[in-house]
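J.: Sharing a structure with you now.
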Amino acid sequence: MDKIQELDRFLDADTDSNYWSDYGVLRASDLLKTIAPTDLEHLAENWPSRPSKWQIRFADVLGDGDPVQAIPILVDMILKGDDLLAVTACDALRTHLDNGGTPVEASASLMARVEQLHSSRQGLIQESLALLLDRLKNQ
């Protein structure tokens, strides 16, 4: 099995959330680092057709990916994904910005989407989205 198929199957595996957060995300991040750029382009083009769980895990893993490749996919997920996926992608994007990653074009549509998510959340998620808004405005 090639690396992209292995990553695809791993993102879609029927595992509980504890397994994913303790082990799965690390293994998937390692797999992501081994796939060819053209394979990542394929995933970037096809993420909308994948199941919700797969999409969320992919966004989670992109937080550890190469910023040049990951950031455009994360922005696309924020703009086009459902709220749960968008919040996950926001968290991954904030990780890249916190680590001095590639600057992000803070388009009006991206800012509006993050602001909408921020205003509809509470607690730690709202705080995390506020940090992302600050990073986007002040990068």
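J.: Restrict the check to the range 107-129 and report whether at least one residue is of a type outside the set (Lys, Arg), modelled with pLDDT under 95, more than 22 Å from Ser52 (Cα to Cα) and in contact with a helix residue (DSSP H, G or I) (Cβ under 7 Å, 6 or more places away or on another chain).
T.: no
J.: Next up: Can Val25 be described as touching a helix residue (DSSP H, G or I) at 6+ places or on another chain (Cβ under 6 Å), at pLDDT below 90 and of a type in the set (Val, Ile, Thr)?
T.: Values: touching a helix residue (DSSP H, G or I) at 6+ places or on another chain (Cβ under 6 Å): yes; at pLDDT below 90: yes; of a type in the set (Val, Ile, Thr): yes.
Here the answer is yes, as Val25 does meet what is asked.
J.: Sticking with this one: Taking the range 105-134 as the region of interest, how many residues are crowded, with 16+ Cβ neighbours inside 10 Å, charged (D, E, K, R) and over 24 Å from Val68 (Cβ atoms)?
T.: 1
J.: Counting only residues that are out of contact with any Phe, Trp or Tyr (no Cβ under 9 Å at 6 or more places or on another chain) and of a type in the set (Ser, Thr, Tyr), give me the helices (runs of 4 or more DSSP H) lying completely in the range 42-139 with at least 1 of them.
T.: On the way: elements: 52-62, 67-80, 83-98, 108-119, 123-137.
Qualifying helices (runs of 4 or more DSSP H): 52-62, 83-98, 108-119, 123-137.
J.: Follow-up. So the check is Cβ under 7 Å with 6+ separation or different chains; which pairs have a first residue in the range 54-75 that's under 15 Å from Ser29 (Cβ atoms) and a second one that's surrounded by 21 or more Cβ atoms within 10 Å (Cβ to Cβ) and polar (S, T, N, Q)?
T.: Every condition considered, the pairs that remain are Ile56/Thr88; Ala59/Thr88; Asp60/Thr88.
J.: With more than 24 Å from Val114 (Cβ to Cβ) and in contact with a helix residue (DSSP H, G or I) (Cβ under 6 Å, 6 or more places away or on another chain) as the only criterion, which of Asp16, Asp64, Asp60, Asp39 stands out? Before you say what the answer is, go through the steps one by one.
T.: Details: Asp16 fails: in contact with a helix residue (DSSP H, G or I) (Cβ under 6 Å, 6 or more places away or on another chain); Asp64 fails: more than 24 Å from Val114 (Cβ to Cβ); Asp60 fails: more than 24 Å from Val114 (Cβ to Cβ).
Going through Asp16, Asp64, Asp60, Asp39 in turn, just one is more than 24 Å from Val114 (Cβ to Cβ) and in contact with a helix residue (DSSP H, G or I) (Cβ under 6 Å, 6 or more places away or on another chain): Asp39.
The values are calculated or read from the model by the stated rules, or taken from the named source; none is laboratory data. Just so it is clear, the model here is predicted, and its values are computed rather than measured. We place every Cβ from the backbone using ideal geometry, glycine too, and count neighbours over all the protein chains shown.
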